[in-house]
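The values are calculated or read from the model by the stated rules, or taken from the named source; none is laboratory data. All values derive from a computational prediction rather than experimental measurement. Cβ placement follows ideal geometry from the backbone for every residue including glycine, while neighbour counts extend to all protein chains displayed. These area figures cover heavy atoms from the full protein model, side chains too; ligands, DNA and RNA do not enter into them. Shrake-Rupley method; radii C 1.70, N 1.55, O 1.52, S 1.80 Å.
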Amino acid sequence: MTSVLESLNRGLHAAFAEDERVYLIGEDLLDPYGGAFKVSRGLSTQYPDRVWTSPVSEAAIVGVGAGMALRGLRPVVELMFGDFSTLMADQLINSITKFPAMYNGAAKVPVVIRTPMGGRRGYGPTHSQTLEKLYLGVPGLRVLAPNTLSDPGELLKRAILEQDDPVLFVENKVLYPKAVQTAETLKDFEVEQTQTEFAPVHTLRLKGTPAPVLTLSAYGYIAELTREALTRLAFEHEIFCELVVPTQLAPLPANGALEPALLASLERSGRLLTAEEGTFSLGWGAEQLARAAQHLGNRLQAVRRVAAAEQPIPAARNLEDAALPSVEDIISAAREMV
Amino acid sequence: MRAMSDDAALYKQLATIRHFEQTVLDAFPKGAFYGTTHTYIGQEANAVGVLAHLHEGDIVFSNHRCHGHFLAYGGDARGLFAELMGKATGVCGGIGGSQHLHWKDFYSNGVLGSTAPIAVGAALAEKRKGSQAIVVLFLGDGAMGEGVVYESLNIASLWGAPILFVVENNHIAQTTPTELAMAGSLASRFMAFNIPAAELDSSDVRQTYTAAAHEFANLRSAPGPRALILHTARFGPHSKGDDTRDPAAIEELRATRDPLAIHATRLDAAERTAIDAEIHSTIAAAYAQAEADPLP
Ligand SMILES: Cc1ncc(C[n+]2csc(CCOP(=O)(O)OP(=O)(O)O)c2C)c(N)n1
Ligand SMILES: [Mg+2]
């Protein structure tokens, strides 16, 4: 098996091997440590000139990456924890994503900012958050969140080498040790892979089950929990669902359109349940639901969201578990909808 | 180098900026422009003296008060007027406005201090590419209050970025005098990071030219960050009609620190009159063209 962490590490190595314009900047990157979560392991040994371990200066390293990107390089900046993205938010919002448009198309800033997000590690209120929703809707920013259904490293490599938008690449921490799925491990599912403008979308249903009565949608690690919920809903409650898993969280289709795979699933099921690890209000799920309502109108029979509680994430295991969405939460929300 | 060492050429650049900016201040109340502006009147010798030393491919990062930097860099007056008017022919097609310009290797942003890491990153990129290009970053005294500037100085020094930090200390940030916003000295801020810092308190373009020549020579022979602190004077309002200073103090600055008056004494009267007339008509023509240009 290949873990998400290994896949991401391979993706970085492949990007470095393929293109000399690729650089990596971040805190504690040097081997043998290789970054706090080890995603960057081996790079400083193999590419000592292009891996720059940095001072603890999130705003400046992101800004330095931006300047390098502006001048033709392909930098990747590693933020040790997504919680610290707030420290570089000005660079991202007022410079990086502004330059291409405000300079009237004459500048590009192809920087990839990688960062782990999420809880379930007991790190407490400031090292466990899922903050990407703060950046969804920033014009000019591509936000990607890999999952286990396709190769995360390949997605990362393509984000670095094959597109020119600034990217926030969100890696859920709990996803790192999970296995990247294969045809064999997904053998119970019918899997359809479609494509947004840049990244894959997966639609899953259990083989040989009746027409779906509910569409589940989730991204990143929560897509794992939702897949488990889908299976249990079928076997334990005879509620048959489809699961739609996007990889690109932003930008969304223009003019308020729904992601086509999600629309297609909703045409079949008429019900939408979203699950996310960000806090409940004003989040990713709310946007999906609004789009679904706009496009399906009264054909949409029920909607619901599962998300994190609106409170700081406690360090104690039982309290942390209670604050974050679980398989049980998804199952009980689904049961209330059909 | 843009061969600007002779007095007439320097004067021409000073006068271009002055006349451009005066036109902006005069026309704003008439509704000719939309949005905001920050004029460079009184500080012209800084941009002219420093940017005269640029080579092709060198990079400039500027701030909200960027018109003078842009014109001294070689930017087009009509394009800048048009940008301020929100016209399709503007430097950035009317999208950026007064504070957000990009042309060739010139970039400006109105978010104070935010350009510091980006300029350092650009300098490091050029160093890695082996292009020999260097970066000039203009900062005001007010921008020195931003934390990201210090992160950037640290990184510039650690990683040997070929960059010249030019601080234009006009002793005021919007309405706040520097004494109310800055503890310690400007030079020591750079020296703490092992960045050599030169200081000049002058409005004489020959002096800024010479001080900058020294910095550029050093930067080109031993690439690494350097700082040039230029104590200077802002004659006009921060933006428009928002000067809270004592008018007598401004009069005093105008009488003693005017880069045009100081430098004009080196030209003979007839030559100066001829240059003034030429600049007046060039700027008037640029303004008229921009006015006639289409909306985006
Ligand atoms: C981050 C940020 N904070 C506040 C402002 C509003 N603002 C614009 S110019 C200015 C004062 C700038 O002073 P200084 O850096 O000394 O430049 P000067 O205007 O004197 O040329 C302020 C506070 C801004 N543009 N950016
Ligand atoms: Mg100032």
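Only one of B:PHE20, B:PHE28, B:PHE70 is part of a helix (DSSP H, G or I) and within 14 Å of chain A (Cβ to nearest Cβ); which?
B:PHE70 is the lone residue from the list that is part of a helix (DSSP H, G or I) and within 14 Å of chain A (Cβ to nearest Cβ).
Does any residue of the stretch B:151-170 turn out to be at pLDDT 95 or above, within 17 Å of B:VAL111 (Cα to Cα), within 11 Å of ligand 2 (Cβ to nearest atom) and surrounded by 16 or more Cβ atoms within 10 Å (Cβ to Cβ)?
Checked the stretch B:151-170: at least one residue is at pLDDT 95 or above, within 17 Å of B:VAL111 (Cα to Cα), within 11 Å of ligand 2 (Cβ to nearest atom) and surrounded by 16 or more Cβ atoms within 10 Å (Cβ to Cβ).
Out of curiosity, is A:ALA60 open to solvent by less than 10 Å² (accessible area, probe 1.4 Å), part of a helix (DSSP H, G or I) and facing chain B (nearest Cβ under 8 Å)?
So A:ALA60 fits the description; yes.
I'd like the full set of residues that are surrounded by 24 or more Cβ atoms within 10 Å (Cβ to Cβ) and under 28 Å from A:HIS13 (Cα atoms), limited to the stretch A:96-108.
Correct list: A:ILE96 only.
Looking at the stretch A:250-272, is at least one residue of a type in the set (S, T, N, Q) and closer than 21 Å to A:PRO325 by Cα?
no
Given (1) of a type outside the set (Ser, Thr, Tyr); (2) touching a helix residue (DSSP H, G or I) at 6+ places or on another chain (Cβ under 7 Å); (3) surrounded by fewer than 19 Cβ atoms within 10 Å (Cβ to Cβ), where does A:ILE93 come up short, assuming only one miss?
Answer for A:ILE93: the failing condition is (2).
Which one is farthest from the other protein chains (Cβ to nearest Cβ), of the residues in the stretch B:78-110 that are under 15 Å from the mean Cα position of the chain (by Cα) and farther than 16 Å from A:ALA101 by Cα?
B:LEU80
Which residues, counting only those in the stretch A:89-107, are without any contact (Cβ under 8 Å) to a residue 60 or more places away in the chain, more than 9 Å from chain B (Cβ to nearest Cβ) and more than 19 Å from B:GLY97 (Cα to Cα)?
Answer for the stretch A:89-107, where residues must be without any contact (Cβ under 8 Å) to a residue 60 or more places away in the chain, more than 9 Å from chain B (Cβ to nearest Cβ) and more than 19 Å from B:GLY97 (Cα to Cα): just A:ALA89.
Given the residues B:MET182, B:MET85, B:MET144, which is the only one that is hydrophobic (A, V, I, L, M, F, W, C) and touching a helix residue (DSSP H, G or I) at 6+ places or on another chain (Cβ under 6 Å)?
Within the list B:MET182, B:MET85, B:MET144, the selection yields B:MET85.
Filter the stretch B:211-239 down to residues that are within 16 Å of ligand 2 (Cβ to nearest atom) and part of a loop (DSSP other than H, G, I, E, B) and give me whichever is nearest to B:LEU51 (Cα to Cα).
B:THR232
Return a yes/no flag: does the stretch A:38-49 have any residue that is assigned to a loop (DSSP other than H, G, I, E, B), of a type in the set (Val, Ile, Thr), away from every other protein chain (no Cβ under 14 Å) and open to solvent by 20 Å² or more (accessible area, probe 1.4 Å).
Among the residues of the stretch A:38-49, not one is assigned to a loop (DSSP other than H, G, I, E, B), of a type in the set (Val, Ile, Thr), away from every other protein chain (no Cβ under 14 Å) and open to solvent by 20 Å² or more (accessible area, probe 1.4 Å), which makes the answer no.
Anything in the stretch A:189-212 that is open to solvent by 60 Å² or more (accessible area, probe 1.4 Å) and in contact with a strand residue (DSSP E or B) (Cβ under 6 Å, 6 or more places away or on another chain)? List them, or say none.
A:GLU190, A:VAL191, A:GLU192, A:GLN193, A:LYS207
Which ones in the stretch B:182-204 are part of a helix (DSSP H, G or I) and surrounded by fewer than 16 Cβ atoms within 10 Å (Cβ to Cβ)?
Residues satisfying the conditions are B:SER188, B:MET191.
Return the residue satisfying two criteria in turn: it lies in the stretch B:150-195 and is within 15 Å of ligand 1 (Cβ to nearest atom) and closer than 17 Å to A:MET68 by Cα, and of such residues it is farthest from the other protein chains (Cβ to nearest Cβ).
Selected residue: B:SER152.
If I filter the stretch A:160-182 down to residues being of a type in the set (A, V, I, L, M) and over 13 Å from the mean Cα position of the chain (by Cα), which single residue comes out as surrounded by the most Cβ atoms within 10 Å (Cβ to Cβ)?
Of everything passing the filter in the stretch A:160-182, A:ILE160 is surrounded by the most Cβ atoms within 10 Å (Cβ to Cβ).
Within the stretch B:285-296, take every residue that is within 16 Å of B:LEU71 (Cα to Cα) and over 22 Å from the mean Cα position of the chain (by Cα) and give me the one that is least open to solvent (accessible area, probe 1.4 Å).
Out of the qualifying residues, it is B:ALA290.
Considering each residue of the stretch B:246-268, count those that are within 28 Å of B:ARG206 (Cβ to Cβ) and assigned to a loop (DSSP other than H, G, I, E, B), and give that number.
Final tally of qualifying residues: 6.
How about the stretch B:114-140: which of its residues are open to solvent by less than 10 Å² (accessible area, probe 1.4 Å), more than 9 Å from chain A (Cβ to nearest Cβ) and within 16 Å of ligand 2 (Cβ to nearest atom)?
If the condition is that a residue be open to solvent by less than 10 Å² (accessible area, probe 1.4 Å), more than 9 Å from chain A (Cβ to nearest Cβ) and within 16 Å of ligand 2 (Cβ to nearest atom), then B:LEU137, B:PHE138, B:LEU139 are the ones that fit.
How about the stretch B:77-181: which strands (runs of 3 or more DSSP E) wholly inside it have at least 1 residues that are among the hydroxyl-bearing types (Ser, Thr, Tyr)?
Passing ranges, in order: B:106-108.
Being assigned to a loop (DSSP other than H, G, I, E, B) and either among the hydrophobic types (A, V, I, L, M, F, W, C) or surrounded by fewer than 17 Cβ atoms within 10 Å (Cβ to Cβ) (or both) is the filter here; which residues of the stretch A:311-325 pass it?
Passing the criteria: A:GLN311, A:PRO312, A:ILE313, A:ALA315, A:ALA316, A:LEU324.
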